[in-house]
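Bear in mind these aren't lab numbers, they're just calculated from the coordinates by the rules spelled out. Nothing here was measured: the structure is a model prediction, and the numbers come from that model. Cβ: placed from backbone, ideal geometry, glycine included. Neighbour counts: every protein chain shown.
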Amino acid sequence: MSGFLIKKKNGLMGRYLLVLLMVAVLLSGCGSEVPDEDGVVEGPGDSQSEEGDVIVVEELNGVGNTPGNINSGGLVAISDGWLYYPDPMEELLYKEKTDGSSKTVVIDHYARSINVIEDWIFYSNWSDNRCLYRVKTDGSQGTKIMYTNEEGKMRSIYCNYMTLVDNWIYLIDLKDVDDKIYRLRPDGSGWEPLIEDSADSFCIDGDWIFYLSASDDCIYRMRLDGTERMKFLDSSEDIDDGDYLATDGWLYFVHGSITDGFKFEKIETEGTIRATIENMNPDGRGYIHSFNVDGDWIYYYPDKLSKIGTDGSYQTFLHELDGDASLMHVAGDFIYFNVEGTVHRVKIDGSGYEPVFDLIK
């Protein structure tokens, strides 16, 4: 019957199809990305996939962010010439080219623990109770990552920070009262605990996970699958959460006290060589509030924003700050850090100091 109608009214139908074609062309033009007056391109926004949609996540090899950035909260990530960072006030995730151009909204979420591998972003969604999410770098196929528990029910995953390494996501599940370290695949499969005790924090370097045990305040080392677990540094070192970082074959750590003095030291991740980077108190310099390691340099804040060689040489002052710096990130040619609720950045040579976004309302 439908074929008959088309044939019988071919003149009217032809004009009708022509109008539809013109409307489709106009609508496709309306979807083009045009920067606003601030140069920001509005992306897809909150493109949450519908429940039941099947999203294939290919094998993702590599590291989603540096250990130092993850250790500082994963607020900034860089991948393939693009910088990713949040706007906590507007609850947006942005990307822009490393030269500052092509600023684009990726998705309408406040993201932390940002990991970018190939064309996927994985993050802790602070707009949704810190649940684990993933989204394409173009803002499409956004979805909450869930796993099937022992009762066969789908359950959300809550995490303050996490990291993606060679097709595994590692995290401390906030809903687990024991604060165990877990891992799972990027598609939500393979959920498994890696430790029996509790962890305050962890970081990954190469084939090793280092974590600060909440049970005895010691730092432990284990393989990525949880095997070969051993005590690496004793609680007598007096290391607090956030005072250590494993990267490039070394564990860097701050230990000591105000009365006995602080030391900034490093030890090989195999545990064979230990060396002092800086004794903090003799010249009046105090506790290190934050640090990050990138290549041959440590960027840190003992009392001034500074850098020092990983061997303790060439200590250099970078910039005077109005407050203590924390959450130290390094991405491209910039150092990012929090000062009294606002994330600032400065070039690694100390120039170009500017605020980037506010962390608190």
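What the table shows:
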| item | result |
| --- | --- |
| For the range 255-334 and the range 144-183, distance of Cα centres in Å | 32 Å |
| Placed amide H near L224: partners under 5 Å, 5+ positions off or other chain | I209 |
| Given K263/K304; K231/K263; K97/K136; K97/K266; K231/K266, the pairs whose alpha carbons are separated by over 28 Å | K97/K266 |
| Label-to-label distance, nm, for residues given as D197 and D138 (7 Å Cα→Cβ offset) | 4.8 nm |
